[in-house]
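The values are calculated or read from the model by the stated rules, or taken from the named source; none is laboratory data. Please read all numbers here as calculations on a predicted model, not as lab measurements. We place every Cβ from the backbone using ideal geometry, glycine too, and count neighbours over all the protein chains shown. With ligands, DNA and RNA removed, areas are computed over all heavy atoms of the protein, side chains included. Shrake-Rupley method; radii C 1.70, N 1.55, O 1.52, S 1.80 Å.
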Amino acid sequence: MALVSSSVEGVRQKNFQFRCIACGSLSDAAGQDFRCGKCGDLLEITYPAWKEARPDAATLKSEWKSRKLSSHAADLSGIWRFRDLLPTLEDEAEVITLREGNTPLYELPRCARITGVPHLFAKHQGMNPTGSFKDAGMTVAATFARRAGFRWVACASTGNTSASMAAYAARGGMRSLVLVPEGKISWSKLSQALDYGAVTCQLRTDFDGCLRLLQDLVRQAPVYQLNSINPFRLEGQKTLAFEVLEQLDWQPPDHIIVPGGNLGNSSAIGKALLEMHELGLISRLPRLSVIQAEGANALVRTLREAGGKRLISVPAETRATAIRIGNPASWKKAAHILEATRGVCEQVSEFELAQAKAEIGAEGMGCEPASAVTLAGLKKLVKQGFVKPDETVVLVLTGNLLKDPDFTIEFHRGEMFQGVKEAAGLTSLRHPPIVLDASLDAVIRTLERFN
Ligand code: F0G
């Protein structure tokens, strides 16, 4: 089966190298599994050239700003606008872009009142072209996949990665193979992959099972893996931190709070924070904290019960299907980031995340369930005294409200948490649809009832 053009040797580049996160070995090329040839741990991308010719912080800031006025395709992307700190391309015309990034940083006045943290912001990655943060990584990884000559890209997914990968593959003229757990991802996400033309396989297993199968597949077939094990994905996703800092006029927030699933995103954002600090773009490191669902709390347990030394996998179960992951691939990278930025890992219940989701909805923006763990987690971190009321906090909202309408409708109709005592406290957040006769009188009486 000729899935790859014969000239391809693998991904090789000039301005960066691959470094093993465990043994530190450097290499110019990465194998199909993106693991270290010596010890088998994950690889990350590193830029040795920065040591010889350190990029100048002030020049970077003004260059990135000036690109906002450009109509050049790479500048219109909120990811490639930061290309000075990304793996370089010889020709910028090679970029596969859907004008991702440049997402809004919203103030959250209602949630600020609820949490008692006035300086509260949401970086809304759900405003990306396919509705999630995955697009930020996918533009980079898909570009390098095509550049290396791959005809097929593949991923295991809880839905968003597959939607994003399928879109970028389609834009870039590649075929895509999606492996998703049957019955465990939202129809919205699945329908995106179908429309973008992916070969979509619903496997009778969970996400972790899909990912295991993909690992075996890439060893046997020349399909290019676009899960977040792929370090190009994380380079794209790290630009979120550059953009947040730019939006805050380079005043570092005290805290950045991220949902944790496979733990690629927290690793990527943390990598950017460390790089910005090293290059003098910021003088102080924000603390990066990760929030997981109680039913998919592998990192929480890994840190609490094993001191971050070995992974404690869990059988994952949560209605926030995006983070229904029990065996997170990038746990070691995330544990390192939490240590380096002095962040923490917390967990929230299904009830807490559903309530927080409705509160974010009431701000007029909304998000998908997995994103709402950030607000629910923040409430806990404030209670614990880890986040102080005078500190600035950025919540990373990873997915759009429209990604999981079933969850939202069940919540508002009161079908969620039936028989749960605390559910009475949700009444003011619930706005169920009202079925009426099509008469003016009925509508006016309803209006009066709510007035
Ligand atoms: N939020 C959303 C909306 C997600 O889709 C994911 C992951 C996460 C948070 C967690 O990010 O895995 O980098 O820690 N979704 C992946 C997928 C696994 O396949 O779409 P992470």
On Cα atoms only, tilt of 207-220 relative to the major axis of the chain in degrees: 20 degrees
Expected 222 nm ellipticity per residue - DSSP helices of 4 or more, -39500 (n - 2.57), all of the chain, to 500: -11500 deg cm²/dmol
Shape call, the chain: gyration tensor on alpha carbons, a/c limit 1.5: prolate
Helix 231-247 axis, angle to the chain major axis (alpha carbon atoms, nearest 10°): 60 degrees
Accessible carbon and sulfur surface of the chain relative to its total accessible area, %, 1.4 Å: 51 percent
Global form of the stretch 53-195, assessed from the alpha-carbon gyration tensor, a/c cut-off 1.5: oblate
Spatially proximal lysines relative to K271 (Cα-Cα < 16 Å; intrachain offsets below 8 disregarded): K238, K332, K333
Sequence ranges 434-441, 336-343, 37-44, ranked by mean other-Cβ count within 10 angstrom, highest first: 336-343, 37-44, 434-441
Relative contact order %, the stretch 31-101, counting alpha carbon pairs below 8 Å whose residues are six or more apart: 21 percent
Share, in percent, of DSSP beta bridges within the chain that are antiparallel, nearest 5: 35 percent
By accessible area with a 1.4 Å probe, ligands and nucleic acids excluded, highest first: order of L86, L311: L311, L86
Accessible area in square angstrom per residue, the chain, 1.4 angstrom probe: 42 Å²
Between helix 134-147 and the chain: long-axis angle, C-alpha atoms, 0 to 90°, nearest 10: 20 degrees
Two-decimal Rg/Rh across the stretch 293-451, once Rg and the Kirkwood Rh are taken from alpha-carbon atoms: 1.07
